[in-house]
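Written below as structure tokens is the structure these notes are about.
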Amino acid sequence: MFGVTKFGDNIEDEWFIVYVIKQITKEFPELVARIEDNDGEFLLIEAADFLPKWLDPDNSTNRVFFHHGELCIIPAPRKPGAESWLPTTPPTIPQALNIITAHSEKILASESIRAAVNRRIRGYPEKIQASLHRAHCFLPAGIVAVLKRRPRLVAAAVQAFYLRDPIDLRACRVFKTFLPETRIMTSVTFTKCLYAQLVQQRFVPDRRSGYR
């Protein structure tokens, strides 16, 4: 089973996912999980100052996992054939799962590596509330109703506006559904990252839209 998340510019969302995965594998000890982003094994990047000399981007594939709520790193054999249970090349997923199941006590990441990752996720889940920002917005009543039922659409709306191009702006020339005269004041909850993306934008609406 796998999943993909688009966290955009908000790196804290990525680290919250790390926290969730760590907690899931702690709650369900039979599970093994791994996580990477477009930079690859970003957990190793976070703990770069504490990695063993043998570990580098070229040989880290399928070595970094969470198991029993702890970060694990499958080591490379010091000498070919020295440890029969360790492959001489980066393990496949089936090999990695077999190693984790049979030798979980031997693959626990060093305390300094685990501490580096744990420092990054310290404070969750309480820290979630600190990352939110509430703002009063003057919005069409239809949008207010939609956001009341599906508040998560705020992120998609902000991203669409933040990453807009001239073709996207054609849709903003005339508003037939969300009319300006229906606007009401409402409170909207953003992440601080989403709110920052909005306030740094300059936008002049098309006169035909009815917005000023």
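Any read-out appearing in this document is the output of simple, stated calculations on the displayed coordinates, not a laboratory observation. From a predicted model like this one, the values you see are computed outputs, not experimental measurements. FYI the Cβ positions are ideal-geometry reconstructions off the backbone, even for glycines, and counts take in every protein chain you see.
With a ≥ b ≥ c the root eigenvalues of the C-alpha gyration tensor of region 131-212, is it rounded (a/c under 1.5), prolate (a/b larger than b/c) or oblate?
Because a/c hits 1.5 or more and a/b fails to exceed b/c, region 131-212 counts as oblate.
Which label marks the calculated value of Rg and Dmax of the Cα atoms in Å, given the options (i) 17.5, 49; (ii) 23.4, 76; (iii) 20.5, 69?
(ii)
Might you report the magnitude of the Cβ-based charge dipole of region 96-212 about its Cα centre, with Lys and Arg at +1 and Asp and Glu at -1, to the nearest 20 debye?
380 debye
How large is the helix-only mean residue ellipticity at 222 nm for the chain, computed as the sum of -39500 (n - 2.57) over DSSP H runs with n ≥ 4, divided by its residue count, in deg cm²/dmol to the nearest 500?
-10000 deg cm²/dmol
If you take every residue apart from Gly210 with its C-beta less than 13 Å away from the C-beta of Gly210, what net charge results, scoring Lys and Arg +1 and Asp and Glu -1?
Net of charged neighbours comes to +4.
Long-range amide H contacts for Asp37: which residues qualify at under 5 Å (H placed 1.01 Å from N, peptide plane, sequence gap of 5 or more or a different chain)?
Answer set, sorted by chain and number: Phe42.
Let me have the relative contact order for region 131-209, percent, based on Cα pairs under 8 Å that are six or more residues apart.
Across region 131-209, relative contact order equals 55 percent.
Between Ile93 and Arg202, what is the label-to-label distance in nm when each label sits 7 Å out along the Cα-to-Cβ direction?
With each label placed 7 Å out from Cα toward Cβ, I get 4.9 nm.
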